[in-house]
């Protein structure tokens, strides 16, 4: 470990002498908005929204409906199973639960807005995920990729059904999209 740290320090020092400066990446500053349409109130609608890295690992849980956050996640594999498998929510502190939980989305158009600077995310490509529980072990997962950094970006999500489409509510959730709007730095005042 010490050898790696020493080598890293040596490389940074050499790069500075040559004229390259090493500045660690700053967290992304801006808003990520995830919009959606819920078409019916005839389902549980427990919901989880999260980000994954390009390797498919959970990076950050952004939203969990209150009932799911407070205990419904303990139902073995039935409710939002993709999020449950990755989140290890049983280890979450009460502060973590409180920071991301909110009311279950109601029928109609809606959106979530996240201040990314508060989440400490580094620039890069992420998968945004939104999963909603329908009934029994039926769930809908929307997943898409978006680049977070210095330029605005938009992305449409692809739908996955588990274990299959639920005939009477297969389109309970649809039109899931993400929009990233970078924070614009204030210009210095004119002299």
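The values are calculated or read from the model by the stated rules, or taken from the named source; none is laboratory data. All figures in this text were calculated on a predicted structure; none of them were measured in a lab. Heads up, the Cβs are rebuilt from the backbone with ideal geometry, glycines too, and the neighbour counts pull from every protein chain shown.
What's the number of the only condition in (1) touching a residue at least 60 places away in the same chain (Cβ under 8 Å); (2) in contact with a helix residue (DSSP H, G or I) (Cβ under 7 Å, 6 or more places away or on another chain); (3) in a strand (DSSP E or B); (4) within 18 Å of residue 62 (Cα to Cα) that residue 79 fails to meet?
Just one mismatch for residue 79, condition (3).
List pairs: first in the range 163-182 and farther than 22 Å from residue 153 by Cα, second at pLDDT below 90 and assigned to a strand (DSSP E or B), Cβ under 6 Å, 6+ apart or cross-chain?
Filtered contacts from the range 163-182: 166/134; 169/134; 172/134.
When you go through 60, 85, 31 one by one, which is the residue that is surrounded by fewer than 12 Cβ atoms within 10 Å (Cβ to Cβ) and at pLDDT 85 or above?
The unique qualifying residue is 85.
I need the full set of residues from the range 100-122 which are surrounded by fewer than 16 Cβ atoms within 10 Å (Cβ to Cβ) and more than 22 Å from residue 166 (Cβ to Cβ), in order please.
Correct list: 102, 103, 111, 113, 115, 117, 118, 120, 122.
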